[in-house]
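Let me begin by presenting the structure, written as structure tokens, before commenting on it.
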Amino acid sequence: MTAHCKQITPFVPCQDLARQIEFYQVYLGFVLGFQADNYAFMHRQKAAIRLLQCPARLDGRPLGQDVSFYIDVEGLDALYEQLRPKLIHLPKDRVRAPFDQPYGQREFHVLDEDGVLVFFGEAISA
């Protein structure tokens, strides 16, 4: 049997698991697949994350400040328009509307409740 990688599922630290679950459901359209004490598995089609409740940092910085992950999508602008009615209720500094990157990707960005930067991106057609 040949082995192959299937997907990557990042662990996303959070201080309040219930609050983060709600954020990913309401604002980004993820579905809760499983939840236990300090852990939750969430997915949106083939993209998945694992939320892990952790204690606050001793230095007071946001728990997710040094964490980010990238979700490759098809139909980036359509996805943004689908999420926009909820995203407009977040503070403006937590959402960056779709834009083109010099490295050939179109992206939008969202900061979650603990400062994790979530990138959504799609290759720009030639």
Residue within the stretch 101-110 that is surrounded by 13 or more Cβ atoms within 10 Å (Cβ to Cβ) and in contact (Cβ under 8 Å) with a residue 60 or more places away in the chain present: yes
Qualifying residue in the stretch 78-93 (condition: under 18 Å from Gln15 (Cβ atoms) and of a type in the set (A, V, I, L, M, F, W, C)): yes
Residue in the stretch 88-100 that is without any contact (Cβ under 8 Å) to a residue 24 or more places away in the chain, out of contact with any helix residue (DSSP H, G or I) (no Cβ under 8 Å at 6 or more places or on another chain), in a loop (DSSP other than H, G, I, E, B) and closer than 22 Å to Lys6 by Cα present: no
Complete set of residues in the stretch 75-96 that are over 22 Å from Gln45 (Cα atoms) and out of contact with any strand residue (DSSP E or B) (no Cβ under 6 Å at 6 or more places or on another chain): Ile88, His89, Leu90, Pro91, Lys92, Asp93
Residue selected from the stretch 63-87 under the condition touching a residue at least 12 places away in the same chain (Cβ under 8 Å) and aliphatic (A, V, I, L, M), by the criterion nearest to Asp16 (Cα to Cα): Leu63
Residue in the stretch 41-62 that is touching a residue at least 24 places away in the same chain (Cβ under 8 Å), surrounded by 16 or more Cβ atoms within 10 Å (Cβ to Cβ) and assigned to a helix (DSSP H, G or I) present: no
Candidate set: the stretch 73-100, residues that are closer than 12 Å to Leu28 by Cα and of a type outside the set (A, V, I, L, M, F, W, C); chosen: the one surrounded by the most Cβ atoms within 10 Å (Cβ to Cβ): Tyr80
Residue list for the stretch 13-40, restricted to those being assigned to a helix (DSSP H, G or I), in contact (Cβ under 8 Å) with a residue 24 or more places away in the chain and within 23 Å of Tyr80 (Cα to Cα): Arg19, Gln20, Ile21, Phe23, Tyr24, Val26
Condition met for Gln15 (surrounded by fewer than 18 Cβ atoms within 10 Å (Cβ to Cβ) and either within 18 Å of Ser68 (Cα to Cα) or of a type outside the set (Lys, Arg) (or both)): yes
Top-ranked residue in the stretch 18-40 [being surrounded by 13 or more Cβ atoms within 10 Å (Cβ to Cβ) and small (Gly, Ala, Ser); ranked as farthest from the chain's Cα centre (by Cα)]: Ala40
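Taken together, the values in this text are just the output of simple stated rules run on the coordinates, not laboratory data. Model, not experiment: these values are computed from the prediction. Please note: Cβ atoms are built from the backbone with ideal geometry, for glycine as well, and neighbour counts cover all protein chains shown.
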